[in-house]
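Working notes, structure below.
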Amino acid sequence: MTAPDIKTPLPGPRARAIIDRDARFVSPSYTRDYPFVIARGEGAIVEDVDGNRFLDCAAGIAVNSTGVSHPDVVRAITEQAQKFIHMSGTDFYYEPQVRLAEELASIAPIAGDVRTFFANSGTETTEASIKLSRYFTKRQGIIAFFGGFHGRSLGALSLTASKSIQRRGFGPMMPGVYHAPYPDPYRFDGSADACAAAALSFIKEQLLVHLVSPDEIAAIVVEPIQGEGGYVVPPAAFLQGLRELTAEHGMLLVVDEVQSGMGRTGKMFASDHFGLKADVVNIAKGIASGLPLGVTCARADVMTWPPGAHASTFGGNPVSCAAANATIRLLKDGLVANAATVGTHMLDGLRALQAKHQLIGDVRGKGLMIGVELVKDRQTKERATAERNALVQAMFRRGVLILGAGKNAVRLAPPLVLTIEQANQVLRVFDEAMGEIGG
Ligand SMILES: Cc1ncc(COP(=O)(O)O)c(C=O)c1O
């Protein structure tokens, strides 16, 4: 398959017909930015129902880590499905789940022995980590961050502080949740260390002094690179500071690697870039190449809740576990390294385009977790939200799928199989699209 290859007006007639049916029968709460209706895919290329081919830099919201239907993953899924599709790890045992827990114990960014709880989604891992933190510490409070996204069920939503539409009309939220600013080096006037110090000082000197006592906080929940919030890479000193703060006060450090984990950043976990070891780590999205799976990994001496305390009928489904075991093998056998190599190439290419297009205020990221922030003016950094939205559309019309992140950034989160040649195509299209939107 080659891409981009756009043959019809978008949407084409077949896509239009499906979208019209969707509009009548599917929940209107979904946010579809453009009319892409997939028929099939291969690697980092997806084809729509009218035969148009796109380079995929969205990966089903950073999920299709090994590309669309990688043959090894399909084989693992098929073999497992032929044996048994479900048994429930809540009440019974099966080897693929144990194998995955063993594997996670060796790769999770947690020091010492590790145990894993199995769920179906990122949101459910947030719920598990909230409950585990409360249970273990016998405290109720949680500190999370503005711009953070941790899911949409009511516990997780109480931590999420991304867009107000996600919370509007659903309150009251879970009590005992406090939000602090997330350090954004691009928007901070000063050094990375000063940026980290300011964010930490808000927690230590404001939040924990005026609002809540440290001994009432069960956990600090943080994304090591903020995802939905704009692919914001914090200073390393910030995450290390959270590690020290939580250890000092007997709080747990819960790291949400749902979007940043499983090789996307060019290391297995974003935490690995910062030398960060958490008490609890949440993982989902890319872990099973698209099958639903979420895991909450924790220090073995923290995950001590008794039988019956927490479980899920479908969590850790055998087919999802088989897909995850195959995914981890592929990641270790080359895809994490590929994410690092192709990611660096993309970042370099985008920084070169920054010299040409005034609208590009910041290019940031690690591996294939890349954010590009658009601003109307590089001095004032006024957010170019309309231009960002126009860029997403212009990329789509030219055959590259991307998504927005935060108020005025786009994210490039392709499958980790993306080649250098495909990255060059993306850069070429990005250049053209920026030209079209007047950047
Ligand atoms: C960092 C992070 N945590 C949690 C979630 C929620 O995951 P899910 O949509 O699988 O429930 C997301 C989803 O985008 C995420 O990016």
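The values are calculated or read from the model by the stated rules, or taken from the named source; none is laboratory data. The shown structure was predicted, so the numbers you read here are calculated from the model rather than taken from an experiment. Cβ atoms come from the backbone with ideal geometry, glycine included; neighbour counts cover every protein chain shown. The area values use the complete protein model at the heavy-atom level, side chains included, leaving out ligands, DNA and RNA. Shrake-Rupley method; radii C 1.70, N 1.55, O 1.52, S 1.80 Å.
Among the residues of the range 104-148, which ones are open to solvent by 50 Å² or more (accessible area, probe 1.4 Å), within 15 Å of the ligand (Cβ to nearest atom) and either in contact with a helix residue (DSSP H, G or I) (Cβ under 6 Å, 6 or more places away or on another chain) or within 26 Å of Pro183 (Cβ to Cβ) (or both)?
Hit for the range 104-148 is Phe146, nothing else.
Conditions tested, residue by residue: (1) of a type in the set (Asp, Glu); (2) touching a Lys or Arg at 6+ places or on another chain (Cβ under 6 Å).
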{"residue": "Asn389", "(1), (2)": "no, no"}
{"residue": "Arg397", "(1), (2)": "no, no"}
{"residue": "Gly406", "(1), (2)": "no, no"}
{"residue": "Arg411", "(1), (2)": "no, no"}
{"residue": "Leu416", "(1), (2)": "no, no"}
{"residue": "Val426", "(1), (2)": "no, no"}
{"residue": "Val429", "(1), (2)": "no, yes"}
{"residue": "Glu436", "(1), (2)": "yes, no"}
{"residue": "Gly439", "(1), (2)": "no, no"}
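Can you say whether Ile61 is open to solvent by 50 Å² or more (accessible area, probe 1.4 Å) and within 16 Å of the ligand (Cβ to nearest atom), as far as the supplied structure shows?
When the stated conditions are applied, Ile61 passes them.
Against the definition (farther than 30 Å from Cys195 by Cβ and modelled with pLDDT of 95 or more), how does Arg329 come out, yes or no?
On the way: farther than 30 Å from Cys195 by Cβ: yes; modelled with pLDDT of 95 or more: yes.
Here the answer is yes, as Arg329 does meet what is asked.
Give the residue that is most open to solvent (accessible area, probe 1.4 Å), with candidates limited to residues of the range 310-326 that are under 15 Å from Thr125 (Cα atoms) and not hydroxyl-bearing (Ser, Thr, Tyr).
Phe314
So which of Val417, Val410 ends up being aliphatic (A, V, I, L, M) and open to solvent by 20 Å² or more (accessible area, probe 1.4 Å)?
Val417 is the lone residue from the list that is aliphatic (A, V, I, L, M) and open to solvent by 20 Å² or more (accessible area, probe 1.4 Å).
Is it true that some residue in the range 382-391 is in contact with a helix residue (DSSP H, G or I) (Cβ under 6 Å, 6 or more places away or on another chain), modelled with pLDDT of 95 or more and surrounded by fewer than 21 Cβ atoms within 10 Å (Cβ to Cβ)?
no
Out of curiosity, is Arg243 open to solvent by 10 Å² or more (accessible area, probe 1.4 Å), out of contact with any Phe, Trp or Tyr (no Cβ under 6 Å at 6 or more places or on another chain), away from the ligand (no atom under 13 Å from the Cβ) and under 17 Å from Ala105 (Cβ atoms)?
no
State which residue is nearest to Leu331 (Cα to Cα) when the search covers only the range 248-264 and only residues that are of a type in the set (Asp, Glu) and in contact with an Asp or Glu (Cβ under 9 Å, 6 or more places away or on another chain).
Just the residues of the range 248-264 that are of a type in the set (Asp, Glu), to begin with: 248, 256-257.
Filter once more, so that each one left must be in contact with an Asp or Glu (Cβ under 9 Å, 6 or more places away or on another chain): 256-257.
On the way: Asp256: 19, Glu257: 16 Å.
Step by step, filter the range 248-264, then rank; the result is Glu257.
Please specify each residue of the range 268-302 satisfying the condition of being assigned to a loop (DSSP other than H, G, I, E, B) and over 21 Å from Asp113 (Cα atoms).
Gly290, Pro292, Leu293
For the range 340-410, which strands (runs of 3 or more DSSP E) that fit wholly inside it have 1 or more residues that are over 23 Å from the mean Cα position of the chain (by Cα)?
none
Which one is surrounded by the fewest Cβ atoms within 10 Å (Cβ to Cβ), of the residues in the range 186-202 that are touching a helix residue (DSSP H, G or I) at 6+ places or on another chain (Cβ under 7 Å) and not in a loop (DSSP other than H, G, I, E, B)?
Restricting to residues being touching a helix residue (DSSP H, G or I) at 6+ places or on another chain (Cβ under 7 Å) and not in a loop (DSSP other than H, G, I, E, B), the top hit is Asp193.
I need the full set of residues from the range 246-267 which are within 13 Å of the ligand (Cβ to nearest atom) and not in a loop (DSSP other than H, G, I, E, B), in order please.
Val254, Val255, Asp256
Can you tell me which residue in the range 152-179 is most open to solvent (accessible area, probe 1.4 Å), limited to those that are free of Cβ contacts under 8 Å to residues at least 60 places away in the same chain, near the ligand (Cβ under 10 Å from one of its atoms) and small (Gly, Ala, Ser)?
The residue in question is Ser153.
Pull out all pairs, ordered by first then second residue, where Cβ-Cβ is under 6 Å, the residues are six or more apart or on different chains, the first lies in the range 72-88 and is under 8 Å from Val319 (Cα atoms), and the second is at pLDDT below 95.
Cβ pairs passing all conditions: none.
If you check Phe92 against the conditions, is it within 16 Å of the ligand (Cβ to nearest atom), part of a loop (DSSP other than H, G, I, E, B) and open to solvent by 40 Å² or more (accessible area, probe 1.4 Å)?
Working: within 16 Å of the ligand (Cβ to nearest atom): no; part of a loop (DSSP other than H, G, I, E, B): yes; open to solvent by 40 Å² or more (accessible area, probe 1.4 Å): yes.
For Phe92, the condition - within 16 Å of the ligand (Cβ to nearest atom), part of a loop (DSSP other than H, G, I, E, B) and open to solvent by 40 Å² or more (accessible area, probe 1.4 Å) - is not met.
Filter the range 288-301 down to residues that are closer than 21 Å to Ser133 by Cβ and either within 13 Å of the ligand (Cβ to nearest atom) or buried (at least 19 other Cβ atoms within 10 Å of the Cβ) (or both), then give me how many there are.
Taking the range 288-301 first, the residues closer than 21 Å to Ser133 by Cβ are 294-301.
Applying the additional criterion that residues be either within 13 Å of the ligand (Cβ to nearest atom) or buried (at least 19 other Cβ atoms within 10 Å of the Cβ) (or both) yields 294-299.
The qualifying residues number 6.
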